[in-house]
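Chemist: Sharing a structure here in structure tokens format.
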Amino acid sequence: MSTTTTAIAALNRAVYYLDRGFEPAAKAKAFTRAAEVAAGMDDDDLERRAEAGTLTDLDGIGPSTASVIADAVLDRPPAYLTKLEQRTRLRVSAGATVFEACRSDLHSHSTWSDGGAPIRTMAMTARALGRTHLALTDHSPRLTIAHGLTPERLAEQLIEVAALNEELAPFRILTGCEVDILADGTLDLPDDVLAGLEEKVGQLEGVEYQWIAPPTGNPAEQVQILEDLINKGVNGIGLAPLEAASVEPVIAQARAAGIPVVTFDSDAPNSERVAYYGTDNRAAGRQQAEVMAEALGGKGKVAIVTGSLVMANLNERIEGVEEAIAEKYPDIELVDTIATDDDFAKGLDVCEAMLRAHPDLNGVIAVSMTGSVAMPKVLADPAFADRDDLVVVGFDDFEDTLKGIRDGYILATMVQRPKQMGIYVIEGLFGLNTGGAAESVDTGITVVTLDNIDTYK
């Protein structure tokens, strides 16, 4: 194990003890910050500073975090950690046997709301303690004092969890939310697509639906879900393909079994699906290019940020951008296309690297959520204060994207209509099961700018 890795492990151990002992969250965050600083250093530099006692010269490292790093790096008895472990130790007596048998904590909060530790630290600590899984249950938005998660922030969190589950397998983070029940009996965390589904199902007698999502966003998991549904003999399937090519054979299996399949949000146009309900993604990409071209006066250097290089809907948006620029704007140069892998943390890193690699960049087109959320956060860094003339055009209306518009970092974003997608899915499948037909529907987009941000819904 490298010196840096050893130091980070010790700092994360401190975060665990502090969180276990219900210590103020600020203390745990100080050790998390120190771990981030250590991660950016090489082994030799860390060792030199530990020996010289100059760790506290670094921004983000104080006396307590420096002592933990130095003890770990110099292989000394961990004085601070030992004291912290003893002070926060759980006193388990008669229940010791049960405690040792536990393999999961089914209620936990992270720094996304009012917890003291990041999700990664929590998961790695749980794994080190012999746990097989961990349920993440941060607060919903009504509890503002706890920084409860809005639907948009919850969506961002799910992206981070999916990436961690792939990295830490077979250990698994279960996703959830501590949702408040409002005075009228409703929940304070709506879902637009589900709202559309539920609205339409409520209008149709004898119709039931089930919402199933792949645990980690792996296309193979989606294929397995589809095969299970075929074996159960369901009457119809609404599908948002993660990867078009991977689902084509199983859609053919469904049709052979007499089960109609419609797609929404993302499409598999070369499959035997009956209809597609959702955004014309190629047209949406062209619209992004038009907005960008108008803002730049038809000339300049532009980069594209995407969430994935394999997802069909995102690639269609990219193709739309490229087509519009090639056809109409010869003085606009596409200089780069980068992918965030739908990882918010990576999105920050790749967007920052892109700006540094292209100091003469005039515009960024983000064709997915992660880029749209990451760009305003990167541009808000004082290091990029001189890039206030950069034009950013995003996609979807997540909270941080809309904030980016209000703060002046994003010019416009393309907003889809997910509720309508859900309605059309149920209408289409119901029609197909009652002797009718189904036709594809472009649910359209709304271009949201500062001018209509308060009125577009």
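Throughout, read-outs are computed from the coordinates displayed, never taken from laboratory work. Quantities reported herein were computed from a predicted structural model and do not represent experimental measurements. Cβ coordinates were reconstructed from backbone atoms using ideal geometry, including for glycine residues, and neighbour counts include every protein chain displayed.
Chemist: For the chain, what relative contact order do you get, as a whole percent, if you take Cα pairs closer than 8 Å and at least 6 residues apart?
Modeler: So the answer I get is 11 percent.
Chemist: Output the relative contact order of the range 281-415, whole-number percent, from Cα pairs under 8 angstrom with separation of 6+ residues.
Modeler: Averaging sequence separation for qualifying contacts and normalising by length gives 27 percent for the range 281-415.
Chemist: Would you please classify the overall shape of the chain from the alpha carbon gyration tensor, given that a ≥ b ≥ c denote the square roots of the eigenvalues, rounded means a/c under 1.5, and beyond that prolate means a/b larger than b/c while oblate covers the rest?
Modeler: In terms of gyration-tensor shape, oblate.
Chemist: Let me ask something additional. How many percent of Cα pairs in the range 397-457 exceed 17 Å?
Modeler: Here the tail beyond 17 Å accounts for 51 percent of pairs.
Chemist: Between rounded, prolate and oblate, where does the range 300-375 land on the alpha carbon gyration tensor, with a ≥ b ≥ c its root eigenvalues, rounded for a/c under 1.5, else prolate if a/b exceeds b/c?
Modeler: Here the range 300-375 falls in the oblate category.
Chemist: Ok, one more. I need the fraction of alpha carbon pairs in the range 52-142 separated by more than 19 Å, rounded to a whole percent.
Modeler: Distances greater than 19 Å cover 61 percent of the Cα pairs.
Chemist: Would you list which aspartates and glutamates come within 16 Å of K232, measuring only between C-alpha atoms, while excluding same-chain residues fewer than 8 positions from it?
Modeler: Partners found: E208.
Chemist: Longer than 28 Å from Cα to Cα, which of K301/K457; K377/K457; K301/K346; K328/K457 are they? Say none if no pair is.
Modeler: Violating the 28 Å limit, Cα to Cα: K301/K457; K328/K457.
Chemist: In deg cm²/dmol, rounded to 500, what helix-only [θ] at 222 nm does the chain give when every DSSP H run of at least 4 residues adds -39500 (n - 2.57) and the total is split over its residues?
Modeler: Computed mean residue ellipticity for the chain: -15000 deg cm²/dmol.
Chemist: Follow-up. How do H133, H107, H139 line up, fewest other C-beta atoms within 10 Å first?
Modeler: Listed from fewest to most nearby Cβ atoms, that is H107, H133, H139.
Chemist: Under Stokes-Einstein, with the Kirkwood radius over Cα pairs standing in for Rh, what whole-number D in µm²/s applies to the range 336-383 at 10 °C and 1.306 mPa s?
Modeler: My calculation gives 148 µm²/s for D.
Chemist: Find which of G408, V98, P170 sits farthest along the positive direction of the dipole of the chain, computed with +1 on the beta-carbon of Lys and Arg, -1 on that of Asp and Glu, about the Cα centre.
Modeler: Sorting the options by dipole projection puts first V98.
Chemist: Oh, and also: Please report, to two decimal places, log10 I(q)/I(0) for the range 283-324 at q = 0.14, 0.15, 0.28, 0.35 Å⁻¹ as given by the Debye formula with identical point scatterers on the Cα atoms and no solvent.
Modeler: -0.30, -0.35, -0.97, -1.22
Chemist: Is the range 281-415 best put as rounded, prolate or oblate by its Cα gyration tensor, with a ≥ b ≥ c the root eigenvalues, rounded for a/c under 1.5, and otherwise prolate when a/b is larger than b/c, oblate when not?
Modeler: Rounded.
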